[in-house]
Amino acid sequence: MSTNAKQLELKDILEISSSGKLGDKDMVILDVRRPDEFGSGHVKNAKNVPVQELEQALQLTPSEFEAKYGFKLPANDSQTGVAVHCMRGTRAQMAASLLAEAEYKDNLFVYLPGWTELAGAASAQIEKL
């Protein structure tokens, strides 16, 4: 992967899902799967921005982004981390690259095993739309 994203493990994504934090760092989970995949099941507290929309989404103003996606994406220089995941890792890598191009650095994290691992291990932290 050609980004500076820090790799997360299952225990990390579960911690973020349950507390909104990784250690003492505030975090947002960004699920970049399609809306139908997200709707059929996602980790608790995850936000959905499909990778196909992410490049354009990053060009929106913060208020436009929030109006479209229903949450505030932390700024690229924010202390709040962004943890990206998808089904198996491919789209998460693409999303991490897009975020890195948008100058996300110290607050960029990626969970590559993705939903494939999460769905089997995190049944207590799964939500459906």
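The values are calculated or read from the model by the stated rules, or taken from the named source; none is laboratory data. Here the structure is a predicted model, which is why all the values come from computation and not from measurement. Neighbour counts run over all protein chains shown; Cβ positions are idealised from the backbone, glycine included. Accessible surface areas use protein heavy atoms only, side chains included; no ligands, DNA or RNA. Shrake-Rupley method; radii C 1.70, N 1.55, O 1.52, S 1.80 Å.
Given H placed 1.01 Å from N in the peptide plane, which residues other than close sequence neighbours of residue 22 have an amide H under 5 Å from its amide H?
Residues meeting the amide H criterion: 27.
Using amide H atoms built 1.01 Å from N in the peptide plane, name the residues 5+ places from residue 102, or on other chains, whose amide H lies under 5 Å from its own.
For residue 102, whose amide H was placed from the backbone, there are no distant partners under 5 Å.
Given a 1.4 angstrom probe, I'd like the percentage of the accessible area of the chain that is carbon and sulfur, rounded to a whole number.
48 percent
What order do 106, 26, 36 take when sorted by accessible area (1.4 Å probe), most exposed first?
106, 36, 26
Of all DSSP beta bridges located in the stretch 9-118, what percent are antiparallel, nearest 5?
Percent antiparallel among DSSP bridges in the stretch 9-118 is about 15.
Straight distance only, please: which aspartates and glutamates reach the Cα of residue 44 with their own Cα at less than 20 Å, same-chain residues fewer than 8 apart left out?
9, 12, 15, 24, 26, 31, 36, 66, 117, 127
Can you work out ³J(HN,Hα) from phi for every residue in the stretch 80-95, in order, using Karplus 6.51 cos²θ - 1.76 cosθ + 1.60 and θ = phi - 60°, giving whole Hz and x for Gly and Pro?
Each residue's phi maps through the Karplus curve to give 7, x, 10, 9, 9, 8, 9, 7, 10, x, 5, 5, 5, 5, 4, 5 Hz.
Mind giving me the FRET efficiency for residue 121 and residue 60? R0 is 25 Å, r the Cβ-Cβ distance, nearest 0.05 is fine.
So, using R0 = 25 Å, E works out to roughly 0.15.
Excluding residue 19 itself, what net charge comes from residues whose Cβ is under 14 Å from its Cβ, given Lys and Arg +1 and Asp and Glu -1?
On the way: positive: 11, 21, 25, 44; negative: 12, 15, 24, 26.
In short, 0.
Find which of 13, 62, 40 sits farthest along the positive direction of the dipole of the chain, computed with +1 on the beta-carbon of Lys and Arg, -1 on that of Asp and Glu, about the Cα centre.
Of 13, 62, 40, it is 40.
What value, in deg cm²/dmol to 500, does the helix sum -39500 (n - 2.57) over DSSP H runs of n ≥ 4 give at 222 nm once divided by the residues of the chain?
-11000 deg cm²/dmol
Whenever you get a sec, line up 88, 34 from highest to lowest accessible area (probe 1.4 Å, protein heavy atoms).
From most accessible down to least: 88, 34.
Anyone know which of 99, 54, 118 comes out most mobile in the 10 Å Cα GNM of the chain?
Checking each option, the largest mean-square fluctuation is seen for 54.
Over 10 Å intervals from 0, what percent of Cα-Cα pairs in the stretch 1-59 sits in each interval?
Going out from 0 Å in 10 Å bins, the stretch 1-59 shows 20, 45, 33, 1 percent.
From the square roots a ≥ b ≥ c of the eigenvalues of the alpha-carbon gyration tensor of the chain, which class results: rounded (a/c under 1.5), prolate (a/b over b/c), or oblate?
Rounded shape, in that the Cα axes give a/c under 1.5.
Any chance you could run the full-extension gain for residue 102 through residue 21? It's 0.36 nm times the residue separation minus the Cα-Cα distance, nm to one decimal.
26.9 nm
For residue 30, list long-range residues whose amide hydrogen, built 1.01 Å from N in the peptide plane, is under 5 Å from its own amide hydrogen.
Counting only residues 5 or more places away or on other chains, the set is 47, 83, 84, 85.
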